Amino acid sequence: MLNIKDLHARVEDKEILKGLNLNIKAGEVHAIMGPNGSGKSTLANVLAGRNGYEVTKGSVEYQGKDLLELAPEERAWAGVFLAFQYPVEIPGVNNVYLLKAAVNAIRKNRGEQELDAVEFLTLVKEKMKIVKMKEDLLNRAVNEGFSGGEKKRNEIFQMAVLEPKLAILDETDSGLDIDALKIVAEGVNSLRSPERSIILVTHYQRLLDYIKPDHVHVLSNGKIIKSGGPELALELEEKGYDWIVEAA
Amino acid sequence: MSQENMNSNIQNYLNDFEKLGDDVKSDWFSEQRQSALSLFKETGFPGTRQENWKYTDTRPIAKNSFSNTSDQSISITTDEIDSIRFQGLDCYELVFVNGIFSKEHSRIDGLPENIVIENMAAALEKDSDLLKKHLAHYADSKVSPFTALNTAFIQHGTYINVPKNTVIEKPINILYLSKESAQPFASHPRNLIVMGEQSEATLIESYIGLDDANYFTNAVTEVSLSSSAILKHYKIQQESLNAYHIGNLNVMQGKDSRFESNSISLGGSLVRNDIHGQLAAEGASIVMNGLYMTNNNQHVDNHTRVDHLKPNTHSSENYRGVMNGKSRAVFNGKVVVHPQAQKIEAHQNNANLLLSDDAEIDTKPELEIYADDVKCSHGATVGQLDQDMLFYLRSRAIDEETAKSLLTYAFADEVIRDIGFAPVRNRLEYLIVGRLPDAELIREFTNE
């Protein structure tokens, strides 16, 4: 599904990723953990194609294609989805219509029939249950006036509607209370499938109590310094990051 | 341009004035016209050395030899007008073609007996004390040479008189339509709206070019609001892209009266809109909403001025602009709080979106405050499309062009959505989305 080789990337003049390697197969859930400033969010943004993140070396292959060659919207058409750490508010652009445009842009680019209003609303109603979205949020401007938890829930809701092949969740757990965390985690779990790969970028082990990853990686100073199974996350929770950073 | 050329073009107006001849019935009006002409003759067109015209060069207008004697032969089909009318809106309607009133296309029958809505020329013919009392009393020829020019050429336009305690339920729709004529022409529409105590009306003034004709519209609208009168005013400027448009709106407000202005500028090659509100009695309030969207080489200048002459008066202003191509826009919002005008509130905001590197905006709020117990605020912003929003939309599969259009529309819609009158609001949403690429998709976002 995704094969990252020796990835180097910088933001402005600062090199953040310094030779990152990662291989993700279809259906797998990978957690990327690490201290602040280790490059977790940079990795998420590079994968989604945000401006200002310059790849200086290495490659990212997604479903046999060079992902770095694609514009952000082309990545979305190809099934890549980023759940933002800080979802932006967009006054004047309605949530539902953004979603409809998104769904149809993806379908159109895959050569599928676009959904009409009725088909779309049926889809939306079904997916709303997954993250217990309140209906009034749907008809508001994108994220405008949403609480932190509502914004994160909206990201997962969008993910449910768009049904990506590769979902990158950038610190989706940050700023959530325990109830909201459970709802978001349940939503993500319900979207697990043999065809869908998920990258969970997180600072805390807490999220992994609810979403059990297949693999856990520790990112430090722009590189993955340790990989393991779910037990690695528990070890990090207990001992912190220092021992492992020092050992590397 | 040399001084000599400038003068020869003034001469053109002086000659045409002579041709107006004997249509004037009353002495007071004749004198008014004559003195306005003398003023114009003295000042000529304004130059950029005048502070008020610093950013807007009127030489392109001055150097043209427009004909001021209208060509009566230009006609228009019902189909042409129907494409412009508000579908399904029951309204009184006055239609002017190249500045001349079209009785055939206008719909002002069945008016309640006490309400007057008629062509200015007809009102002048009848003459009345009311007309004499109000006409040219609020638009000052000394302030703008264009107002002087308009006053000298007063003939066609709209005269409305709503007596006290009268509410006109149907909106009044005035269409100033222009199309290609044998010779480039100037029209000087003159509107006077006199609203009695506790009267209420909604007025839409549209200036529309039906083709890409070269012409000059020089419009003046005067409004007098007696105590507790309410007028909602919409101006939609969609002149031809080869046309010049100068518009002056002057409002005199009595006690507890309310004036709402919505000024939308989309067309024209060189455009200047002036609004002057005088809050002359306690409790008077004025709201000014504005939107200007420019592209290519368009130049659009919006000047507003509010005089808080008495205590407890309110003004609020919200203008937004979107500039693309090599176009240029100017915003100047002046608020003057006079010495005795305590406990007033004045708020002003101007936000601008530049879509290209070559587009330009000059924005200037001007507050002159001579009272000490007042609440005033103002703010101006100039920005480009928000990169975070753009990336968010693109990451949600929206292609770059559509994402830009969507954000531009959302910016303009901040003004449009505040428009209370649905037919105008819907028309504007349609017009504005229509100017952006991928209009169909964006329309889907708002009109389902």
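As a proxy for reagent exposure, ranking A:Arg110, A:Arg75 by other Cβ atoms within 10 Å from fewest up yields A:Arg110, A:Arg75. Cross-link check: pairs B:Lys334/B:Lys404; B:Lys232/B:Lys326; A:Lys165/A:Lys212; A:Lys5/A:Lys40; B:Lys41/B:Lys126; A:Lys100/B:Lys232 evaluated at a Cα-Cα cut-off of 26 Å; pairs beyond the cut-off: B:Lys334/B:Lys404; B:Lys232/B:Lys326; B:Lys41/B:Lys126; A:Lys100/B:Lys232. Charge tally around A:Pro87: other residues with Cβ under 15 Å, Lys/Arg +1 each, Asp/Glu -1 each, net -2.
Counted by Cβ distance under 10 Å from A:Leu219, the other residues give a net charge of +3, where Lys and Arg count +1 and Asp and Glu count -1.
Given the C-alpha centroids of region B:377-403 and region A:48-94, what is the distance between them in whole angstrom? Centre-to-centre (Cα) distance: 16 Å. Placing a label point 7 Å from the Cα of A:Lys14 along the Cα-to-Cβ direction, no residue of region A:55-69 has its backbone N under 13 Å from that point. Spatial offset of region B:63-95 relative to region B:194-260 amounts to 17 Å, using the alpha carbon center of each. The long axis of helix A:95-109 is offset from the longest Cα principal axis of chain A by roughly 80 degrees.
Contact order for region A:146-216, expressed relative to its length and based on alpha carbon pairs under 8 Å spaced 6+ residues apart, stands at 40 percent.
Extending 7 Å from the Cα toward the beta-carbon at both B:Gln87 and B:Asn52 defines two label points whose distance is 4.3 nm.
Residues considered: A:Ala185, A:Ala160, A:Ala105. Largest GNM mean-square fluctuation over chain A, using C-alpha springs under 10 Å, is found at A:Ala105. Over 31 Å apart at the Cα level, from the set B:Lys103/B:Lys142; B:Lys343/B:Lys364; A:Lys129/A:Lys239, are B:Lys103/B:Lys142; A:Lys129/A:Lys239.
The antiparallel fraction among DSSP beta bridges confined to chain A stands at about 60%.
Per-residue Cβ neighbour counts within 10 Å put B:Tyr176, B:Tyr55 in the sequence B:Tyr55, B:Tyr176, beginning with the fewest.
Dividing the convex hull volume of the alpha carbon atoms of region A:10-153 by its residue count gives 153 Å³ per residue.
If one takes the longest principal axis of the Cα atoms in chain A, at what angle in degrees, from 0 to 90 and to the nearest 10, does the Cα axis of helix A:230-239 lie? Approximately 60 degrees, to the nearest ten. Give me log10 I(q)/I(0) at q = 0.19 Å⁻¹ for region A:42-106, Debye formula, one equal scatterer per alpha-carbon, no solvent. Once normalised to I(0) and log-transformed, intensities are -0.84.
Using a Gaussian network model of chain B in which every pair of alpha carbons under 10 angstrom is joined by a spring, one finds that among B:Ala136, B:Ala280, B:Ala422 the greatest mean-square fluctuation is at B:Ala422.
Taking region B:292-320 and a reference point 7 angstrom along Cα→Cβ of B:Asp373, the backbone N atoms nearer than 19 Å belong to B:308-315.
If you line up the long axis of helix A:117-128 against the longest principal axis of chain A, both from Cα atoms, how many degrees apart are they, to the nearest 10? Between helix and principal axis, roughly 40 degrees.
Ellipsoid semi-axes for chain B, based on the Cα gyration tensor and the rule √(5λ), read 32, 26, 24 Å when sorted largest first. Neighbour counts of other Cβ atoms within 10 Å put A:Lys165, B:Lys310 in the fewest-to-most order A:Lys165, B:Lys310.
Each Lys or Arg adds one and each Asp or Glu takes one away; over the other residues whose Cβ falls under 11 Å from the Cβ of B:Ile84, this sums to -2. Based on Cα contacts under 8 Å between residues 6+ apart, region B:268-328 shows a relative contact order of 46 percent.
Read-outs: derived from the displayed coordinates by stated rules, not from any lab. Everything numeric in this text was worked out from a predicted model, so none of it was measured. As a convention, Cβ positions derive from the backbone with ideal geometry for all residues, glycine included, and neighbour counts pool all protein chains shown.
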